[in-house]
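The values are calculated or read from the model by the stated rules, or taken from the named source; none is laboratory data. None of the values given here were measured: they were computed from a predicted structure. Heads up, the Cβs are rebuilt from the backbone with ideal geometry, glycines too, and the neighbour counts pull from every protein chain shown.
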Amino acid sequence: MLHRLLILTALAVLTVFSSGCGAKEDYPWGVHKSDIAVAAGQEVGVKMQEGSLTKTGAEFIVFNSGEEDIYLGVEFFLQIYDGGDWCDIEGNAVDWTLEQMFITPGGEASQVVSWDNMYGELPEGRYRFVKSVAIGDSNEHYACEFEIKD
């Protein structure tokens with residue numbers, strides 16, 4: 001009986017340490033492995049305005065090279081790359097405004113974001129900014145990777 005208990009305890013500890021997405025004490029917020037699929041299309045995407053990145057925000061540009069209008073709001077979230085996985089960051093709750101933007105084919109829209117109230121100042125690491133975009137009847141997530149260095 002004791003042998004089984006030791007094996008189960010060892011398996012539980014191993015599972016915690018092999019699950020990626022660092023321990024809560026590694027970051028100033030909780031993280032968990034993301035189950036959100038990020039689209040990798042050529043027709044729609046997100047890029048960062050060069051020179052705009054700080055530890056508390058940046059300017060991002062959503063572009064539409066496709067043939068349909070795309071729709072998006074101001075809402076976004078950040079992920080951190082840790083242990084081979086992209087992990088959702090559990091930030092503070094935010095009241096998002098309900099404004100909606102649309103981008104016609106060939107167009108783009110810029111969004112200056114501050115994540116200070118959601119996540120605070122980001123520590124060193126590899127991150128991605130994620131936006132939800134509606135194209136026709138589908139809703140996809142697009143991302144822009146960036147790195148914070150001390």
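One residue stands out in segment 18-60 among those that are exposed (fewer than 10 other Cβ atoms within 10 Å of the Cβ) and at pLDDT below 90: the one that is nearest to Glu75 (Cα to Cα), namely Ala40. Of the strands (runs of 3 or more DSSP E) that lie entirely inside segment 69-150, those containing 3 or more residues that are out of contact with any helix residue (DSSP H, G or I) (no Cβ under 7 Å at 6 or more places or on another chain) and surrounded by 16 or more Cβ atoms within 10 Å (Cβ to Cβ) span 77-82, 85-90, 125-135, 138-148. For segment 67-90, the set of residues classified as more than 8 Å from the chain's Cα centre (by Cα) and not hydrophobic (A, V, I, L, M, F, W, C) consists of Glu67, Glu68, Asp69, Tyr71, Gly73, Glu75, Tyr81, Asp82, Gly83, Gly84, Asp85, Glu90, listed by residue number. The set of residues from segment 77-108 being in contact with a Phe, Trp or Tyr (Cβ under 6 Å, 6 or more places away or on another chain) and in contact (Cβ under 8 Å) with a residue 40 or more places away in the chain comprises Leu78, Gln79, Ile80, Ile89, Glu90, Gly91, Glu108. Taken together, the residues in segment 86-119 that are acidic (Asp, Glu) and within 17 Å of Gly57 (Cβ to Cβ) amount to 1.
Number of residues in segment 44-68 that are closer than 26 Å to Leu98 by Cβ and not in a strand (DSSP E or B): the value is 5.
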